[in-house]
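Participant: If you scroll down you'll find the structure; I have some questions about it.
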Amino acid sequence: MRVLVAVKRVVDYAVKVRVRPDKTAVELQNVKMSMNPFCENAMEEAVRLKEAKLATEIVAVSVGPKQAQETLRTALAMGADRGVHIVTDMRADQELQPLAVAKLLRTVVDEVKPDLVLMGKQAIDGDNCQTGPMLAGLLGWPQATFAAKLEVADSKKEVTVERETDTGTQKLQMGLPAVVTADLRLNAPRYATLPNIMKAKKKPIATRDAAAAGVDLAPRNKVTNVTDPPPRAAGAVVESVDDLVAKLKADGLV
Amino acid sequence: ASTLVVAEHNNKALSPGTLSAVTAAGKIGGEVHLLVLGSGSAPVAEAASKVAGVAKVLHGDHPAYAHFLAENTSRGVRASAEAHKYTHVMAISSMAGKNFIGRLGAEMDLAPVTDVIKVVDESTFERPMYAGNAIATVTASDPLKLLTVRPTAFDKAPATGGSAAVEAAPLPAEPETGLSKFVSESVSSSARPDLGAARVVVSGGRGMKNGENFAMLEALADKLGGAVGASRAAVDAGYVPNELQVGQTGKVVAPELYIAVGISGAIQHLSGMKDSKCIVAINKDKEAPIFTVADYGLVADLFTAVPELTKKL
């Protein structure tokens with residue numbers, strides 16, 4: 001069974017982003033970038049499938065600027081066997097949009113022919129939460145979003161996925177190939193060890209030019225303005241529980 | 001313009017988020033129709049017809065829609081969207097809405113705008129990015145606009161007062177795609193109000209130390225008739241299940257009163273609750289970022305402050 005894992009390079013989750021003074025976008029210069037946290041969950045799950053001898057090969061793919069290669073190296077250090085880099089200079093948080101990314105990923109699926117595509121449930125830059133279901137829709141494959149548990153049948157023809165819902169969890173069964181997007185309870189991603197980081201440097205990464213993929217990359221939804229959210233006025237410190245109760249009562253909240 | 005709102009429900013009752021979506025759809029201008037796809041869902045269609053501001057209800061009842069599987073829902077919504085030539089199709093920014101809107105977009109070659117918090121005009125919308133740390137204004141160019149809206153950003157339309165006609169939704173020739181199969185579900189049974197709709201939310205973070213200590217928050221929530229939530233840190237640590245998670249990657253809530261207990265206030269948590277009307281923070285670390293957004297901050301040991309608060313309310 002071959003598994004394709006899509007990973008995205010995003011502003012590190014711990015960074016407080018700043019809007020650029022010209023209000024066109026957030027500042028990406030000199031900002032720490034990392035693999036999107038949910039892509040780490042997807043990558044980890046693929047490695048576990050390989051360790052369980054269910055997957056035979058893991059291919060990691062990333063769409064992004066030349067630095068996205070670092071994200072692919074991280075994926076290779078976690079356990080991917082090879083990488084595919086779709087190179088583009090378009091900003092992946094607002095200019096290169098989910099539909100275009102899904103279409104680019106479809107070209108990689110056509111080439112790699114995976115039995116299972118794993119990806120994060122959403123990227124924490126654009127917060128669109130669309131690319132996984134879009135890829136499934138383009139391919140006409142079954143989908144399981146927000147996966148909390150993944151079991152591959154011994155036949156390797158079917159998966160059972162427990163997925164998070166608004167009110168609890170739902171268990172689905174679907175034939176392969178399928179697209180599964182990872183939620184945070186799926187697993188605890190490993191850190192790449194130094195020997196594995198060294199080994200990853202020797203693993204192959206194929207590069208493709210996004211513009212040559214035969215996909216319309218133009219954004220359908222034009223971002224015309226990016227601003228800071230309205231600030232919230234700092235409140236008061238209360239000295240005691242009695243004080244707090246009095247304040248809440250005065251406001252008519254309790 | 002004419003907007004089709006895809007109702008969210010459990011085959012028995014409409015979700016409160018649907019009422020907020022009706023309000024959002026009204027801001028686009030033109031008629032607002034509600035699409036109810038379900039199985040044994042007649043009570044939902046009935047309730048939908050009474051929602052103020054809804055001009056028509058399309059009701060599609062079929063076993064394929066019993067569990068809101070993305071593949072079937074996407075195909076079913078498409079049939080109605082195409083038959084009636086809507087200019088907008090709107091779903092709710094919930095896990096259920098996000099599950100199918102991207103798929104529908106790909107199947108129709110349309111690019112959805114998700115998490116809309118403001119309708120500027122019929123093709124211009126505001127949406128948060130980066131966990132709400134930036135607000136983007138987006139102009140959509142597709143002929144049919146697919147949207148998901150954040151319920152907390154729009155008031156609920158009155159659930160009664162309307163009298164829309166209910167007609168049969170055009171169903172696809174084969175409603176069941178057969179792509180994925182429902183096996184089972186586990187719905188958390190709680191007598192407390194739904195997290196997304198509660199007037200009061202009491203949330204705990206890593207400071208709670210373990211899952212058992214959440215009983216303290218439940219007691220406080222029950223006293224206030226509220227719901228219990230949690231930070232991602234508390235979910236990650238296994239204290240509580242994921243459906244309680246408030247934040248960028250969990251639920252976005254905006255109750256009248258939000259009480260954050262033992263929560264430091266990571267960016268990703270703040271984005272899920274900072275639109276609450278009144279925020280109370282209880283934390284023993286006076287430097288915790290949660291205090292920068294709190295209307296009332298109490299620097300105290302939560303293990304004594306919370307029981308005391310529960311007793312004195």
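What follows draws every value from the coordinates through simple rules; no lab data is involved. These numbers were taken from a predicted model, which means no experiment stands behind them. So basically every Cβ, Gly included, is an ideal-geometry build from the backbone, and we count neighbours across all protein chains shown.
Participant: Only bridges with both residues in chain B count here: give the DSSP antiparallel percent, nearest 5.
Facilitator: 20
Participant: Can you list, largest first and rounded to whole Å, the semi-axes you get for the stretch A:2-250 by taking the square root of 5 times each eigenvalue of its Cα gyration tensor?
Facilitator: The answer is 33, 24, 19 Å, longest axis first.
Participant: Whose amide H sits under 5 Å from the amide H of B:A227, counting only residues 5 or more places off or on another chain, with H placed in the peptide plane?
Facilitator: When sequence neighbours closer than 5 places are left aside, the close amide H contacts are B:V200, B:V201, B:V202.
Participant: Moving on to the next point. Please average, across the residues of B:299-311, the number of beta carbons from any other chain that are within 10 Å of each residue's own beta carbon, and give a whole number.
Facilitator: Per residue, the number of nearby Cβ atoms from other chains is 2 on average.
Participant: With Cβ to Cβ distances under 11 Å as the rule, what net charge do the other residues near A:P133 carry (K, R +1; D, E -1)?
Facilitator: My count for the surroundings of A:P133 gives +1.
Participant: Okay, next question. Quick check of the Kirkwood formula: for the stretch B:1-86, what is the inverse mean of 1/r over all pairs of different Cα atoms, in Å?
Facilitator: Computed over Cα pairs of the stretch B:1-86, the Kirkwood hydrodynamic radius comes out at 12.7 Å.
Participant: How large is ³J(HN,Hα), in whole Hz, for each residue of the stretch B:64-75 in order, when computed from phi with the Karplus curve 6.51 cos²θ - 1.76 cosθ + 1.60 and θ = phi - 60°, using x for Gly and Pro?
Facilitator: Karplus-based 3J(HN,Hα) across the stretch B:64-75 equals 4, 9, 4, 10, 6, 5, 4, 5, 6, 4, 4, 5 Hz.
Participant: Filter the cross-link list A:K113/B:K98; A:K113/A:K157; A:K50/A:K203; A:K8/B:K251; B:K251/B:K274 down to pairs whose alpha-carbon distance in this structure exceeds 20 Å.
Facilitator: Long pairs (Cα-Cα over 20 Å): A:K113/B:K98; A:K8/B:K251.
Participant: Right, something else. Counting pairwise Cα distances across the protein assembly as shown, what percent come out greater than 47 angstrom?
Facilitator: In whole percent, the long-distance tail amounts to 10.
Participant: Now for a separate question. Given the -39500 (n - 2.57) contribution per DSSP H run of 4+ residues, what per-residue ellipticity at 222 nm results for chain A, rounded to the nearest 500 deg cm²/dmol?
Facilitator: It comes out at -8000 deg cm²/dmol, rounded to the nearest 500.
Participant: What's the angle, to the nearest 10 degrees (0 to 90), between helix B:302-312's Cα axis and the longest principal axis of chain B?
Facilitator: 80
Participant: Using the per-residue mean of other Cβ atoms lying within 10 Å as a proxy for protection, in what order, highest first, do the peptides B:74-86, B:250-262 fall?
Facilitator: With the highest mean Cβ count within 10 Å placed first, the list reads B:250-262, B:74-86.
Participant: Is there a simple number for the mean count of other chain Cβ atoms within 10 Å of the Cβ of residues in A:188-196, and what is it?
Facilitator: That works out to 0 on average.
Participant: Can I ask one more? Kindly list the residues of the stretch B:204-219 that lie in the label zone of B:A237, defined by a backbone N under 16 Å from the point 7 Å along the Cα-to-C-beta vector.
Facilitator: Within reach of a label on B:A237: B:204-218.
Participant: Separate question: What residues have an amide H closer than 5 Å to that of B:G60, excluding those fewer than 5 places away on the same chain, when H is modeled at 1.01 Å from N in the peptide plane?
Facilitator: B:V36, B:L37, B:G38, B:A169
Participant: State the Cα centre-to-centre distance between the stretch A:26-53 and the stretch A:157-215 in whole Å.
Facilitator: Taking the Cα centre of the stretch A:157-215 as reference, the centre of the stretch A:26-53 is 8 Å away.
Participant: Can you run the Rg to Rh ratio on the stretch B:200-312? Use alpha carbon positions and the Kirkwood inverse-distance Rh.
Facilitator: Rounded to two decimals, Rg/Rh equals 0.91.
Participant: Which of the trypsin sites (Lys or Arg not before Pro) found in the stretch A:126-232 are loop residues per DSSP with 15 or fewer other Cβ atoms within 10 Å of their Cβ?
Facilitator: Answer by residue number: A:K156, A:K157, A:R190, A:K201, A:K202, A:R232.
Participant: A further question on this structure: So, counting K/R as plus one and D/E as minus one, what does the shell of residues with Cβ under 15 Å around B:L195 add up to?
Facilitator: Net charge in that neighbourhood comes out at -4.
Participant: Considering only DSSP beta bridges with both partners in the stretch B:200-312, what is the antiparallel share in %, to the nearest 5?
Facilitator: Given both bridge residues lie in the stretch B:200-312, the antiparallel proportion sits at roughly 0 percent.
Participant: Quickly work out the A:R190-to-A:A14 label distance, labels modelled 7 Å from Cα along the C-beta direction, and quote it in nm with one decimal.
Facilitator: 2.2
Participant: Follow-up. Using R₀ = 51 Å, calculate the FRET efficiency as 1/(1 + (r/R₀)^6) where r is the Cβ-Cβ separation of A:R48 and A:D251; round to 0.05.
Facilitator: With R0 = 51 Å, the Cβ-Cβ based efficiency is 0.55.
Participant: Along the three principal axes, how long is the stretch A:122-177 when you take its alpha carbons, biggest first, rounded to the nearest angstrom?
Facilitator: 37, 28, 15
Participant: Rounded to the nearest Å, what's the spacing between the alpha carbon centres of the stretch B:256-301 and the stretch B:148-195? Just the number, please.
Facilitator: 32
Participant: Still on this structure: Most exposed first by the Cβ proxy, i.e. fewest other Cβ within 10 Å, how do B:F68, B:F125 rank?
Facilitator: Ranked by crowding around the Cβ, least crowded first: B:F68, B:F125.
Participant: May I pose another question? By the scheme Lys and Arg +1, Asp and Glu -1, what is the net charge of all other residues having a beta-carbon under 13 Å from that of A:T71?
Facilitator: Here the charged neighbours net out to +1.
Participant: From the P(r) of the stretch B:44-181, can you give the percent of Cα pairs sitting at distances over 18 Å?
Facilitator: Roughly 61 percent, rounded to a whole number.
Participant: To continue, here is another question. Each residue of the stretch B:287-299 in order: what ³J(HN,Hα) in whole Hz does its phi give by Karplus 6.51 cos²θ - 1.76 cosθ + 1.60, θ = phi - 60°, with x for Gly and Pro?
Facilitator: 8, 4, x, 4, 5, 6, 10, 7, 6, 10, x, 10, 8
Participant: Now a separate question. For the stretch A:2-250, what proportion of DSSP beta bridges, expressed in % and rounded to the nearest 5, is antiparallel?
Facilitator: 35
Participant: In sequence order, what are the phi-derived ³J(HN,Hα) couplings for the stretch B:42-59 according to the Karplus relation 6.51 cos²θ - 1.76 cosθ + 1.60 with θ = phi - 60°, rounded to whole Hz, with x for glycine and proline?
Facilitator: Residue by residue, the stretch B:42-59 yields 3, x, 6, 4, 4, 5, 4, 5, 8, 5, 5, x, 8, 8, 7, 10, 9, 10 Hz.
Participant: Here is a further query. How much mean residue ellipticity at 222 nm does chain B get from its helices, if each DSSP H run of length 4 or more adds -39500 (n - 2.57) and you divide by all residues, to the nearest 500 deg cm²/dmol?
Facilitator: -7500 deg cm²/dmol
Participant: Compare the Cα positions of A:Q97, A:N41, A:V108 along the charge dipole of chain A (+1 at Cβ of Lys, Arg; -1 at Cβ of Asp, Glu; about the Cα centre) and return the one farthest towards the positive end.
Facilitator: Value computed over the given set: A:V108.
Participant: Give the order of B:E212, A:E151 when sorted by the count of other beta carbons within 10 angstrom, beginning with the fewest.
Facilitator: With the sparsest Cβ surroundings first, the list reads B:E212, A:E151.
Participant: Amide H neighbours of B:V116 under 5 Å, at least 5 residues apart or on other chains, H built in the peptide plane: list them.
Facilitator: B:T148, B:V149, B:R150
Participant: I would also like to ask the following. Which aspartates and glutamates have a Cα lying under 13 Å from the Cα of A:K201, excluding residues fewer than 8 positions away in the same chain?
Facilitator: Correct list for A:K201: A:E70, A:D81.
Participant: Next question. Could you run the Debye sum over the Cα atoms of chain B, one equal point scatterer each and no solvent, and tell me log10 of I(q)/I(0) at q = 0.07, 0.13 Å⁻¹, two decimals?
Facilitator: -0.29, -0.94
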